[in-house]
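What follows is calculated from the coordinates using simple rules that are stated; it is not laboratory data. Worth saying up front: this structure is predicted, and the values here are computed from it rather than measured. Note that each Cβ is placed from the backbone with ideal geometry, even for glycine, and that neighbours are counted across all protein chains shown.
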Amino acid sequence: MSKDDPNNKSTRDTHYANLRRAVRDAKRERGEIPTPQQSKRRNRGADDWKPPQLAPDQVHLYGLHTVRAALANPERQIVKLSVTQNAFARLDIGEAEAQPFPVEIVSPQDIDRVLGPEAIHQGVMLETRPLPVKRLGALKDSPLILVLDQATDPHNVGAIMRSAVAFNAGAVITTMRHSPTESGVLAKSASGALELIPYIQITNLADALGELHKLGFFSVGLDSEGPAPIERTFSGEKIALVLGAEGKGLRQKTRETVSALARLDMPGAIKSLNVSNAAAIALYATQQFLGKASS
């Protein structure tokens with residue numbers, strides 16, 4: 001009997017094994033299951049994996065939505081797209097040969113080796129240059145900006161960035177130290193928002209707040225012990241919301257520099273929120289004030 005005979009048990013087993021493998025790979029590319037296998041050998045590989053040393057001008061973005069947003073951003077300088085065949089079809093950007101950058105068709109495991117076994121990359125990785133640096137002076141016409149005082153978790157900062165875009169903030173400003181840089185984790189958490197709002201990192205937050213005040217911004221620092229609710233604290237036509245680090249809150253120097261401190265009044269038993277949730281509520285309250293002020 002030929003080994004290619006469809007009635008051959010070995011042939012059938014191989015056929016169904018290939019089908020199962022294709023289904024698993026498709027689920028990984030959709031982000032429905034993590035790429036790493038739960039075997040002891042693969043877990044040891046996860047423990048041993050070390051991230052590659054990236055150059056200062058090198059950023060790896062991943063995930064279908066994140067990469068689509070980056071490709072649609074005219075300010076992005078693309079170096080190379082590494083993508084599985086299925087993921088490339090789902091990106092829906094035309095023929096590989098027609099792209100103005102190299103496109104490399106790879107396997108999910110090839111991307112794992114660069115990003116690590118825990119990254120939910122959905123079969124796509126984009127190597128780019130960092131976005132162009134924006135200056136505070138470019139924000140003079142923005143009525144609302146968000147300032148983060150050493151918020152360190154890229155997942156939280158990404159979620160904050162998404163809320164900032166949703167509420168039409170003009171920028172997210174962070175410190176260079178103790179804040180996440182532009183990265184795949186930040187971009188994935190922001191789910192495309194990194195391409196839609198300036199992410200400005202400054203060296204000295206107190207000096208930056210002073211510059212924003214000169215540009216006409218009234219800065220409001222969120223503090224659980226603030227003297228008044230945020231909705232009774234706003235003033236002027238331009239607001240800079242300032243939020244502190246997870247757990248620690250605003251630093252003393254920041255508390256002394258902002259125009260006013262304010263609290264979020266919550267009637268329930270829990271009186272503190274994750275910084276990304278607090279940011280979303282504060283952004284909504286600020287837009288309510290700005291909308292009334294302009295009407």
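Normalised by the number of residues in the stretch 221-288, what is the relative contact order in percent for Cα pairs under 8 Å and 6+ residues apart?
Reported relative contact order: 47 percent.
Using a Förster distance of 22 angstrom, determine the FRET efficiency expected from the C-beta separation of Lys248 and His213, and round it to 0.05.
Here the calculated transfer efficiency is 0.40.
Taking the simple approach of a point 7 Å from Cα along Cα-to-Cβ for both Lys134 and Lys50, what is their distance in nm?
3.7
Hey, any idea what the orientation-averaged projected area of the convex hull of the stretch 102-238's Cα atoms comes to, in nm²?
Average of the hull's projected areas for the stretch 102-238 equals 10.1 nm².
Take every DSSP beta bridge with both residues inside the stretch 149-295 and express the antiparallel ones as a percent of the total, to the nearest 5.
Beta bridges within the stretch 149-295, antiparallel portion: roughly 5 percent.
Out of residues 5 or more away from Gln122 or on other chains, whose amide H comes under 5 Å of its own, with H placed 1.01 Å from N in the peptide plane?
Gly31
Would you mind calculating the gained length between Glu97 and Asn168 on full extension (0.36 nm times residue separation, minus the Cα-Cα distance), in nm to one decimal?
Contour length minus the Cα-Cα distance gives 21.9 nm.
Find the Rg to Rh ratio for the stretch 194-287, where Rh is the Kirkwood radius over alpha-carbon pairs and Rg uses the same atoms.
Across the stretch 194-287, the Cα-based Rg/Rh ratio is 0.95.
Tell me, in nm to one decimal, what length is gained between Ser107 and His65 on full extension, where the rule is 0.36 nm per residue of separation less the Cα-Cα distance?
13.2 nm
Rounded to the nearest 0.05, what FRET efficiency do Glu225 and Asp141 give with R0 = 30 Å and r taken as the Cβ-Cβ distance? Could you check?
Approximately 0.35, to the nearest 0.05.
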